Amino acid sequence: MSSLSLGEHAAAEESPLFRLVRQSVKIGGVFNLGYHEASVLTNDSWMMRAHGVPQHCLLLAYPRGFDDPKASAEIAPADRSVILLRVICETSLPNQADLIHLRAADTDRAITNHYRQNQDPAPPTDNLTQAMMQQAAFRCRVLGTFVENESGDLVFGKDVDAVYAAAGYLVSKPHGESLQIIIDHVELPMGERPGDQQGDDAPNADMPDTDATMVIGTLRYSSARRRERVAKTDGQGTEVDVKVRPKDFVAHKTAVFGMTRAGKSNTMKVLASAVHLYAHRTGTRVGQLIFDPAGEYAYANRQDGTALSQLGDNVRIYRLGATHQERAANIRPLSLNFFDDKQINGCWSLVNSFLAGENKVYINNFLACDPTRSPDDVDDTGDKKRLLAVRAMYFAILHKAGLRPPSKWRFQLPVNQGTRDLLKDVRGLDVSAQGQYLYLTGAQLEEACVRIATEASRAAKSAGRARGGRKAKTDEEAEETSVEAVSLWVADRASGGHGDPAIDGMVNMLSPTGSASGWKILRFLNEYHSGDATTDFAPSIYADLARGRLVIVDLSRGSEQVLQVCAERVITVILGNASKRFREGMSPRPMQIFLEEAHRLLDRDKFAKTTTANDPYVRLAREAAKYKIGLIYATQEVSTVDQSILSNTANWVCAYMNNSAEVAKLAKFYDFADFTDQILTADDRGFVRLRTDSSPYTLPIQVAKFDLSMVNRIRQECGLPPTVRSNDFAPDVAKVDSFEDCPDPDEIYSNKFPPQTEPMFELEG
């Protein structure tokens, strides 16, 4: 028998393995051990001492005597290990039928005694039978084994390397410091481990790491928490801090699943805070982009007055429909000035995005006449005038559709004498000004181009009749046309025109014929236009992200279509710049993109269509990793997200879901099958199942609330002074409904069919 000196006693007590069991309560022992599951015998009395054993509770199985420094010396070195178990559900004992019979008889006796008329109750259950009835068993998942390596450090293997039929493992429920050690233990994920093959690196493998973690919440086994509160008063609490390694989320995909109001938005804020803290600790620029369709991130929370913008000085907010007061508060407008030559590329790409699916000839001809070609880039005077003529017609179309330029905006219109004569009646325009150009306001340009388009169409028809040898049928057709006046807007050289080859597309859009909608189809652009916009928002957002800023795009004031188009424009610009840097061999710029309602954007049907090869969300999902772009997507529909995305998702956050089919899909990944019942029933806000890239197993946790204390802790670590409650709330919704958008049918019908005041028929007396 081995002897253990006093010094060896102390060493055993201080070993990492012993610290795992030091703060734990014995609740039973293993009576059936397998490679994947274990059956644990327990007793009501033992469980009461441990304040209960809820489903998903973590348990420790170890050889008998291991928790005693003296007895542990006799344990063979190969058996010095601790198996980590998770309770899945209850299970049967070999004598389960007898136990059920005894419990039923005891229950029958108790109820019978209650209703007996005489005072001679049946004898109570004897102590031996009572002890037998208290026996129970748990079915547990084997999560892995804790051992000490050669250096004496604690390591975790995700299985067991031996199964003994009569090992006699004792089982205890850890709490306090011991449980904290278990929860804090992480392993480097694949692609970051020493010795991994070259080329197998994770997307964030070469990014700096830090030992500092961030508390994302607390361990929470169940929705019911009464016993946990009692356990805490006895020093046996299990709601220990759950910390995450922020690097896990950088350049990786993270899924946040759950119903509306299950706490997804709060979780996204906490994740953004973790990455924000990682960037500060490592000195790395990591831009974060949050598309905010409901104003949950841009505005302060009404309950506690906190907002993401309070994290630091590097937060930027872009808002659709930003007012002058909001712009004065450094909130940037999410709009374009369609009359600004510097923004014309972004504006035209927006037009193309909207009209790309329209299969009409006049629209295709319009899109073929590209107005982004700059007149300043050509030397030939004729070419310059042709490009100015294209832009003139384009700006006139926009003005006709309702867009308005800044008050001081003027356009340089190329003219000749014929053009001057044609435009002499344009309101407020002085056609006598010398030179080859006239300078017109927006209203004047619209009126002038309408006349030019009408004349150009007439000239083209007249030339067509002449070539065909036909005579004019009406006085209007017979009216003399001056091709020279509008030659820059006529493409047909045979007709006397010398305009851009595609100019007819612009002319027909401003002056449509037949059933064509023409310029009316562009009225939607009003939602994206602001004459005050000084720059294209998409490149500006990318520039902010490149500098490591947190950007919130507030789309709460726009329609679903506006949200979609703005988001796609920004992502397209981000991917375009990232792809360019990749091709040129430049280092990528790490970024994080947060997507709400991801089932609409990452739909599996999208990925199956060849026509969506250029869809920005498809490209983002497929190419993000090599550009070091992380994707945090939230949805309540797991099944609609493409399989390739789910398979490459590194971090998972799963809140309450009410659809068993969706949970069944989720159960195919990692160990979420153990949590299906809880996901379907526990609807507590912020109660989630968490699996990160470096965590060896899934944990049920209560996500910390993003509140003022969290904000100020982060600010303090970043060297910033504390902040106070914010009053920047989302605008109040009118409490009194005036029904302006829906007239009262009672009034309509009573006015249209007034009540009969006199009888329609006179009855004879």
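The values are calculated or read from the model by the stated rules, or taken from the named source; none is laboratory data. Every value quoted in this text rests on a predicted model; they were computed, and no experiment measured them. Glycine also receives a Cβ, built like all others from the backbone with ideal geometry; neighbour counts cover every protein chain displayed.
Structural remarks
- Any hit, segment 173-191, residues being touching a strand residue (DSSP E or B) at 6+ places or on another chain (Cβ under 9 Å) and among the polar types (S, T, N, Q): yes
- When residues of segment 371-393 are limited to those that are of a type in the set (Ser, Thr, Tyr) and surrounded by 13 or more Cβ atoms within 10 Å (Cβ to Cβ), the one farthest from the chain's Cα centre (by Cα): Ser374
- Filter result for Thr282 (over 20 Å from the mean Cα position of the chain (by Cα), at pLDDT 85 or above and polar (S, T, N, Q)): yes
- Single condition Gly217 does not satisfy, out of (1) in a helix (DSSP H, G or I); (2) buried (at least 17 other Cβ atoms within 10 Å of the Cβ); (3) out of contact with any Lys or Arg (no Cβ under 8 Å at 6 or more places or on another chain); (4) not assigned by TED's automatic domain parsing to the domain that holds Thr681: (1)
- Applying the criterion of being of a type in the set (A, V, I, L, M) and in contact with a strand residue (DSSP E or B) (Cβ under 6 Å, 6 or more places away or on another chain) to the residues of segment 68-98, the residue that is surrounded by the fewest Cβ atoms within 10 Å (Cβ to Cβ) is Leu93.
- Residue list for segment 197-251, restricted to those being polar (S, T, N, Q) and under 30 Å from Lys626 (Cα atoms): Gln197, Gln198, Asn204, Thr210, Thr213
- The set of residues in segment 399-445 that are more than 21 Å from Ala456 (Cβ to Cβ), touching a residue at least 24 places away in the same chain (Cβ under 8 Å) and among the basic types (Lys, Arg) comprises Arg404, Arg410.
- Gln444 vs. criteria surrounded by fewer than 22 Cβ atoms within 10 Å (Cβ to Cβ) and over 28 Å from Thr534 (Cβ atoms): no
Okay, residues lined up against (1) over 22 Å from Pro414 (Cβ atoms); (2) basic (Lys, Arg); (3) in a loop (DSSP other than H, G, I, E, B); (4) not assigned by TED's automatic domain parsing to the domain that holds Gln412:
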| site | (1), (2), (3), (4) |
| --- | --- |
| Asp500 | no, no, yes, no |
| Gly505 | no, no, no, no |
| Asn508 | no, no, no, no |
| Lys520 | yes, yes, no, no |
| Val562 | yes, no, no, yes |
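- Sole exception among (1) modelled with pLDDT under 90; (2) closer than 21 Å to Ala567 by Cα for Ala300, by number: (2)
- Taking the listed residues Gln130, Gln134, Gln55, the one that is at pLDDT 90 or above, within 30 Å of Thr233 (Cβ to Cβ) and of a type in the set (S, T, N, Q) is Gln55, with no other qualifying.
- Residue satisfying condition, being farther than 26 Å from Ile574 by Cα and out of contact with any strand residue (DSSP E or B) (no Cβ under 7 Å at 6 or more places or on another chain), within set Arg281, Arg285, Arg302: Arg302
- Residue within segment 350-370 that is surrounded by fewer than 20 Cβ atoms within 10 Å (Cβ to Cβ), within 30 Å of Val724 (Cα to Cα), of a type in the set (Asp, Glu) and at pLDDT below 90 present: no
- Residue in segment 157-180 that is modelled with pLDDT of 90 or more and among the basic types (Lys, Arg) present: yes
- Long-range neighbours under 8 Å by Cβ, at least six apart or interchain, first residue closer than 15 Å to Ala298 by Cα and in the same structural domain as Leu690 (by TED's automatic domain parsing) within segment 265-285, second modelled with pLDDT under 95 and hydroxyl-bearing (Ser, Thr, Tyr): Ser265/Tyr297; Met268/Tyr297; Lys269/Tyr297
- Scope segment 679-715; condition among the polar types (S, T, N, Q) and either in contact with a Pro (Cβ under 7 Å, 6 or more places away or on another chain) or not in a helix (DSSP H, G or I) (or both); matching residues: Thr692, Ser694, Ser695, Thr698, Gln702, Asn712
- Verdict on Asp674 being assigned to a loop (DSSP other than H, G, I, E, B) and touching a residue at least 40 places away in the same chain (Cβ under 8 Å): no
- Among the residues of segment 622-651, those identified as within 30 Å of Asp683 (Cα to Cα) and not polar (S, T, N, Q) are Gly630, Leu631, Ile632, Tyr633, Ala634, Glu637, Val638, Val641, Asp642, Ile645, Leu646, Ala650.
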